[in-house]
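Beneath this line is the structure, given in structure tokens, with notes to follow.
The values are calculated or read from the model by the stated rules, or taken from the named source; none is laboratory data. The model shown is predicted, which means the values in this text are computed figures rather than measured ones. Glycine also receives a Cβ, built like all others from the backbone with ideal geometry; neighbour counts cover every protein chain displayed.
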Amino acid sequence: MNKGAILTLLLLFAWTASMAQDVEVATTIAFTEGPTADAEGNVFFTDQANNRIMKLGFDGKLSTFRQPANYANGLVFDSEWRLLACESGDKTTDTPPRVTRTDLKNGKAEILAEKYQGKNLVAPNDVTFDGKGRIYFSDKPATNTGEGGVFRIDPDGRVTRILAPPQVQVPNGLVISPDDKVFYLVEANPAENGARMIRAYDLQADGSVTNMRVFHDFYPGRSGDGMSIDAQGNLYVAAGLHRRRGTSETLDTKPGIHVFTPSGRLLKFIPIPEDLVTNCAFGGPDLKTLYVTAGKTLFKVRNQIAGTRR
């Protein structure tokens with residue numbers, strides 16, 4: 001696809017509950033993940049199949065921000081508009097898995113985390129932050145190694161694992177409530193009897209988590225992947241499959257964005273017509289545009305409630 005491709009506008013489907021809303025194709029690329037928007041409304045997202053980070057300008061122009069990108073996955077802009085990236089690692093360049101932070105003013109990237117207790121990270125997947133500037137990321141564990149988990153990076157650079165196997169199985173998307181009181185984590189284990197749920201925890205003042213409870217269980221369908229949260233604390237979770245993919249996951253979970261209230265009630269559902277629905281993030285000048293990555297496409301839909309940048 002050419003960088004200057006014209007955006008195609010398609011009316012794809014309607015909201016449930018008789019609330020018609022347009023979902024548009026923002027751009028088509030390859031295999032999309034990790035959307036996030038900067039202060040000007042430009043959307044950054046990853047194209048893992050081609051090992052690059054893309055930028056969809058507020059003016060509609062598509063460009064490559066970084067290639068190679070160490071097979072980046074989840075992205076988010078921090079409170080100072082620096083780009084945080086979970087990078088899966090690139091064997092061809094002998095670059096290990098890591099979490100980086102890029103200052104867009106000068107293009108310089110710094111490594112925030114690549115080892116824990118002397119061992120390389122496994123596959124950093126998604127990233128978020130709290131109101132105190134602390135960064136949290138998930139690291140998908142290798143099978144039966146005890147590695148991986150969920151980590152916190154403090155402003156002084158210290159890396160702490162706050163959840164470790166077997167407390168978590170395959171941690172994926174994560175986000176923190178606007179009031180910094182609740183920590184949400186997606187478990188996405190496709191194995192038979194694997195955890196496919198959203199866990200909720202109380203986030204303590206020191207950045208630790210306690211009081212785990214199951215917020216929503218997707219089993220036996222495909223679990224959530226990435227997620228975002230609006231200003232009222234409603235969760236927007238990318239989940240589901242259109243067709244099975246050779247795992248024990250069924251088609252019980254509808255493919256799209258599942259919107260849950262803070263109490264866990266399904267508020268609404270936004271169908272997405274493409275596999276795999278991977279992630280979502282708010283952008284636009286009023287933070288009422290929800291960007292959704294799925295398969296080769298970046299979708300966008302207007303929302304009634306303003307989002308957060310987490």
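Couple of notes before you dig in:
- Residue within the stretch 159-171 that is within 28 Å of Thr297 (Cβ to Cβ) and in a strand (DSSP E or B) present: yes
- Only one of the numbered conditions (1) assigned to a strand (DSSP E or B); (2) in contact with a Lys or Arg (Cβ under 9 Å, 6 or more places away or on another chain) is not met by Tyr236, and that is (2).
- When each of Glu80, Glu110 is tested for being farther than 21 Å from Gly226 by Cα and outside any loop (DSSP other than H, G, I, E, B), the lone residue that passes is Glu110.
- Flag for Asn211 being without any contact (Cβ under 8 Å) to a residue 40 or more places away in the chain and assigned to a strand (DSSP E or B): yes
- Residue match in the stretch 270-284 (condition: surrounded by 17 or more Cβ atoms within 10 Å (Cβ to Cβ), part of a loop (DSSP other than H, G, I, E, B) and of a type in the set (A, V, I, L, M, F, W, C)): yes
- Any hit, the stretch 83-100, residues being without any contact (Cβ under 8 Å) to a residue 40 or more places away in the chain, surrounded by fewer than 20 Cβ atoms within 10 Å (Cβ to Cβ) and touching a Lys or Arg at 6+ places or on another chain (Cβ under 7 Å): no
- The one condition in (1) closer than 16 Å to Val175 by Cβ; (2) crowded, with 19+ Cβ neighbours inside 10 Å that Leu241 fails to fulfil: (1)
- On the stretch given as the stretch 65-77, residues that are on the phi < 0 side of the Ramachandran plot and assigned to a loop (DSSP other than H, G, I, E, B) total 3.
Results for (1) crowded, with 17+ Cβ neighbours inside 10 Å; (2) farther than 27 Å from Leu251 by Cα; (3) at pLDDT below 95, shown as yes or no for each residue.
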| residue | (1), (2), (3) |
| --- | --- |
| Lys119 | no, yes, yes |
| Asp126 | yes, no, no |
| Ser138 | yes, no, no |
| Phe151 | yes, yes, no |
| Phe183 | yes, yes, no |
| Pro190 | no, no, no |
| Asp206 | no, yes, no |
| Val209 | yes, yes, no |
| Asp225 | yes, no, no |
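- Among residues that are out of contact with any Asp or Glu (no Cβ under 9 Å at 6 or more places or on another chain), of a type in the set (Gly, Ala, Ser) and in a strand (DSSP E or B), Ala191 is not included.
- Scanning the stretch 37-64 for residues that are of a type outside the set (Lys, Arg), part of a strand (DSSP E or B) and either in contact with a Lys or Arg (Cβ under 6 Å, 6 or more places away or on another chain) or more than 23 Å from Pro273 (Cβ to Cβ) (or both) yields Phe44, Ile53, Leu62, Ser63, Thr64.
- Scanning the stretch 101-117 for residues being small (Gly, Ala, Ser) and buried (at least 18 other Cβ atoms within 10 Å of the Cβ) gives a total of 1.
- The set of residues from the stretch 293-310 being among the hydroxyl-bearing types (Ser, Thr, Tyr) and part of a strand (DSSP E or B) comprises Thr293, Thr297.
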